[in-house]
Structure formats: structure tokens, C-alpha cells
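A short write-up of the structure that comes next.
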């Protein structure tokens, strides 16, 4: 219903709507990009102290170059793929909150009950120190917003649109797109692991790829059913729950 209404709009009004959405999406992404660029100096010192980090302005530009093309991709394809407007908050409901909390709870259980036991104390401590260098504000605003714009709003929208040319089954197209975007989301986290110059064992790969796949598929399902805001909320809750567990429940 909403998509038909948009397509019937005069061209000038549709262009104005896209321009407005571009400003909104860019404004939502900028705080996370800025925080990550600031945060990276400490990350370099902890993870790879022998490497001098690039200057702040260069780190900022690199993140903008990496992120904004995917925002443009999403703005071009999200309607063509049949998704809701990315700024609609009406899709956020109890299910979004529940899935975000379940994802976070599952992660905490796997991380402390399985992964920690399968990893040497030295490597686990290195991973912990590096991860804790990332401020909670960066985790929420970069992970929760920027990564969701890149992988759900941008890539998943494009994959759904492309999939509609391959199959006439919309449900299959959506799930293939969700799977592809989630695989890329999981793989995108691996370079940071290898950069730490630790022994990358099977448990590390299993946890990093597997858990990020779980988060990606959950956020993708929410993006499809409830819109981008629901996916962002789920991703933020994942980080907030873990942070709270560290500070309160896990000493």
C-alpha cells in the first residue's frame, strides 16, 4: 500500500522525499562514523601497537567513503525491493525488543560458556582488552546504525531487488538476500581479528563468523518485517546487554 502510494507521487515530490531521506540517513550515520574515527586511535595502540594509526581526518574520510555508497545504494533500491521507508518507527514493537535481547543473551552464553573455555587465557585476554577499547557509544552508533545501513539497508535491499529477477518467489528472494548480507556482515569482522596478530583458531573463527551470522540474520528478518529502525534497535540492544552484563553481572 505504501509503495503504491509512493510510486503514484509526482516525480518532483518523490525526488524531494529521497533528498530528505538522504539527509536523514546521512545525519544518523555521521555520529557513529565520527566516534569510530576517534576510537580507532586507541584500538590501534591496543591491537597493533607497532603500527602508527592514520591521522584522524584520514580515518574519518575512509569511513565515510566506505559507508556512504551503501547508504546511496539503499536509498536507490529499498523501494524497488519493496521495503518500508527507513525512517518509519511504527515497525518497532515488542518482538523487536525480544529478538534483540534473545540475540544478546545467546551471545553471552556462547561467549562465556563455550568460547572462553576453548580459548587460551592469553588470547582471550587480548581479545577482551581490544574489544573493551571500543566505547559503548561507538558500538551502538557505529555498529547499530552504520553497519545496519551498510548491510541491511544497502546490501540486503540490493540483493532482494536483484533476486527478484532470478526467482518469482519473493520469500525465497528475501531469505537469499538476508543470507548473503549476513555472510558479508560476518566476514567483514574477520580482518580486525587477524589484525591483532593472534593465533586465529577454529573456536575464534566459529564464534566470530557464527555469532555475527546470527545477529545478521535476525536484524535482516526484522528489517524485512518491521523496517530499518527495528534492525537498528536489535543491534543496539545486543551491544547494550553485553556491556551491562560485563559491568554488572560478570566480574
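Give me the Debye-computed log₁₀ of I(q)/I(0) at q = 0.08, 0.09, 0.12, 0.17 Å⁻¹ for segment 2-249, equal point scatterers on Cα only, no solvent, two decimals. Here the Debye-derived log intensity ratios amount to -0.32, -0.41, -0.72, -1.35. Between the C-alpha center of segment 193-244 and that of segment 57-75 there is a gap of 20 Å. Using the Stokes-Einstein relation with a Kirkwood hydrodynamic radius computed over Cα pairs, the translational diffusion coefficient of segment 206-251 at 25 °C and a viscosity of 0.890 mPa s comes to 215 µm²/s.
When 242, 135 are arranged by Cβ crowding within 10 Å, least crowded first, meaning fewest neighbours, the order is 135, 242. Highest GNM mean-square fluctuation among 143, 210, 74, for the chain modelled with Cα contacts below 10 Å: 210. Among 50, 148, 125, the residue with the largest mean-square fluctuation in a Gaussian network model of the chain, with springs joining Cα atoms closer than 10 Å, is 50. Taken along the Cα-to-beta-carbon direction at a fixed 7 Å, the label points for residue 114 and residue 58 span 4.0 nm. Ranked by how many other Cβ atoms sit within 10 Å of their own Cβ, fewest first, the residues 128, 46, 147, 52 fall in the order 52, 128, 46, 147. Computed from Cα atoms alone, the Kirkwood hydrodynamic radius reported for segment 121-199 is 14.5 Å. This ranking places 152, 131, 59 by how few other beta-carbon atoms lie within 10 Å of each, fewest first, which gives 131, 59, 152. Helical content alone sets the calculated 222 nm signal of the chain at -22000 deg cm²/dmol, taking -39,500 (n - 2.57) per DSSP H segment of four or more residues and averaging over every residue. Within the listed set 113, 75, 240, the residue fluctuating most in the Gaussian network model of the chain (springs between alpha-carbon atoms under 10 angstrom) is 113.
Enclosing the Cα atoms of segment 171-235 in their convex hull gives a volume equal to 75 cubic angstrom per residue.
Bear in mind these aren't lab numbers, they're just calculated from the coordinates by the rules spelled out. These numbers come from a predicted model, not from an experiment. Because the Cβ atoms are built from the backbone with ideal geometry, glycine has one as well, and the counts that use them run over all protein chains shown.
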